[in-house]
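Visitor: The structure's right below; bear with me while I get my questions together.
Read the figures in this text as sums done on the coordinates, not as results from a lab. Keep in mind that what you see is a predicted model, and the values were worked out from it rather than measured. Virtual Cβ from ideal backbone geometry, glycine too; neighbours counted across all protein chains shown.
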Amino acid sequence: MFTVGLTGGIGSGKSMVADCFASHGVPVIDTDVIAHDLTTPGGEALVQIRAVFGDAVMRADGTLDRAALRRRVFADSAARHQLEAILHPRIRQAVERAIAALNAPYALIVIPLLVETGGYRDLLDRVLVIDCPEALQIARVMARSGLARDEVMAILAAQAGRAERLAAADDIIVNTGSPETLRAEVAALHLSYQALSGKILP
Ligand SMILES: Nc1ncnc2c1ncn2[C@@H]1O[C@H](COP(=O)(O)OP(=O)(O)OP(=O)(O)O)[C@@H](O)[C@H]1O
Ligand SMILES: [Mg+2]
């Protein structure tokens with residue numbers, strides 16, 4: 001299976017771009033969705049998260065207190081590494097299983113932290129980066145989530161910078177225009193990925 005990894009900073013437009021590819025019938029595997037599923041009750045990772053971080057990150061009803069866990073790992077890099085050690089190998093396995101189960105010319109795999117984790121490159125034929133000036137990322141995330149400017153800037157500061165991400169790109173979408181422009185760029189890339197996948201999978 002020919003695979004395209006999609007990445008970009010917070011609020012850069014990954015979900016919008018993924019939806020555009022999906023509208024062409026492209027299967028989308030989203031590592032955020034996988035991570036969420038792994039940490040719902042009955043999810044593979046939840047038991048271990050509870051064992052490591054304790055009831056302080058759990059709600060009374062047995063679900064994960066995501067805000068409490070976020071605060072815990074944001075403040076403590078050792079805790080963050082522990083959480084990553086629980087989640088990352090399982091997310092990766094789930095991605096591999098999902099790819100193996102697909103039958104399509106190519107698949108899009110949304111990996112927000114592709115550059116930060118340094119993983120997945122062996123699984124990907126192509127990396128597509130959504131690029132966006134930070135001011136626009138901040139404005140879009142504030143409008144969407146109601147987070148304060150400071151909070152968005154703290155998240156941005158913890159992520160890879162634009163230059164680092166662009167250095168990993170085979171293809172780039174600059175998301176400064178309208179949603180229509182975005183759709184047109186995705187349509188062009190879709191043609192190109194179909195052609196590329198045809199060369200690799202005769
Ligand atoms: N070209 C655009 N024009 C107008 N609004 C846009 C455009 N691209 C994205 N947005 C809006 O900006 C916000 C962020 O976009 P989106 O959710 O696709 O980003 P994301 O990279 O998936 O974010 P996250 O990292 O939080 O998952 C959304 O509210 C989206 O509707
Ligand atoms: Mg998103």
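Visitor: If you take every DSSP beta bridge whose two residues both sit in region 1-130, what share of them, in percent to the nearest 5, is antiparallel?
Guide: 5
Visitor: Given the options Ile49, Ile91, Ile109, which has the most mean-square fluctuation in a GNM of the chain, springs set between C-alpha atoms less than 10 angstrom apart?
Guide: Highest fluctuation among the options: Ile49.
Visitor: Using alpha-carbon pairs under 8 Å, 6+ residues apart, how would you state the relative contact order of region 32-101 in percent?
Guide: 30
Visitor: Calculate one ³J(HN,Hα) per residue across region 49-65 by plugging θ = phi - 60° into the Karplus curve 6.51 cos²θ - 1.76 cosθ + 1.60, and present them in order as whole Hz with x for glycine and proline.
Guide: These are the phi-based 3J(HN,Hα) values: 4, 5, 5, 7, 9, x, 5, 4, 9, 10, 8, 4, 7, x, 8, 6, 8 Hz.
Visitor: Shifting gears a bit: Can you tell me which of Asp170, Asp122, Asp37 moves the most in a GNM of the chain? Springs connect C-alpha atoms under 10 Å apart.
Guide: Highest fluctuation among the options: Asp122.
Visitor: Pick from Ala160, Ala35, Ala68: which is most flexible by mean-square fluctuation in a GNM of the chain where alpha carbon atoms under 10 Å apart are linked?
Guide: Answer for the Gaussian network model of the chain: Ala68.
Visitor: Can you give the local net charge around Arg72? Use residues other than it whose beta-carbon is closer than 10 angstrom to its beta-carbon, Lys and Arg +1, Asp and Glu -1.
Guide: Net local charge, Arg72 excluded: +1.
Visitor: For an R0 of 30 angstrom, estimate the FRET efficiency from the Cβ-Cβ distance between Thr181 and Ala143 and round to the nearest 0.05.
Guide: 0.95
Visitor: Pop a pseudo-label 7 angstrom from the Cα along the beta-carbon direction at both Asp65 and Ala195 and give the gap in nm to one decimal.
Guide: Those two pseudo-labels are separated by 5.5 nm.
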